[in-house]
Amino acid sequence: MDKRLAKRHKRQVSREKSKVRLSEPDLRTPEQIEAAREASRASINQPGARGSQPVAAVSGQGFRNASATSTGSAAKTGA
């Protein structure tokens, strides 16, 4: 039985190896890479950029409390 498991493992490994796609190497020059990093840093530091805005303070009333006091007809009442 160990022989059978070893063969199965060998087949599985060879299948997985055939599926692997290697990523392409970065063909940019060091100057191009540095310029791209600077451009990325500049776009992050701009106002309105993603993640630059502070998180808004949560009001005293939580989400669940707000929905519990609603007057909508979401909850069924009746027999």
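Quick check on segment 40-47. Is at least one of its residues assigned to a helix (DSSP H, G or I), modelled with pLDDT of 80 or more and open to solvent by 80 Å² or more (accessible area, probe 1.4 Å)?
Applying the first criterion (assigned to a helix (DSSP H, G or I)) to segment 40-47 yields 40-44.
Of the ones still in play, those that are also modelled with pLDDT of 80 or more are 40-42.
Imposing the further condition that a residue be open to solvent by 80 Å² or more (accessible area, probe 1.4 Å) reduces the set to 41.
Looking for residues that are assigned to a helix (DSSP H, G or I), modelled with pLDDT of 80 or more and open to solvent by 80 Å² or more (accessible area, probe 1.4 Å), one finds at least one in segment 40-47, hence yes.
For residues that are surrounded by 10 or more Cβ atoms within 10 Å (Cβ to Cβ) and part of a helix (DSSP H, G or I), scanning just segment 15-36, find the one that is nearest to the chain's Cα centre (by Cα).
Of segment 15-36, the ones surrounded by 10 or more Cβ atoms within 10 Å (Cβ to Cβ) are 28, 32-36.
Filter once more, keeping what is part of a helix (DSSP H, G or I): 32-36.
Values: Gln32: 27, Ile33: 24, Glu34: 25, Ala35: 26, Ala36: 22 Å.
Top of the filtered list is Ala36.
The values are calculated or read from the model by the stated rules, or taken from the named source; none is laboratory data. Every value quoted in this text rests on a predicted model; they were computed, and no experiment measured them. Cβ atoms come from the backbone with ideal geometry, glycine included; neighbour counts cover every protein chain shown. Calculation scope for accessible area: heavy atoms of the full protein, side chains included, ligands and nucleic acids excluded. Shrake-Rupley method; radii C 1.70, N 1.55, O 1.52, S 1.80 Å.
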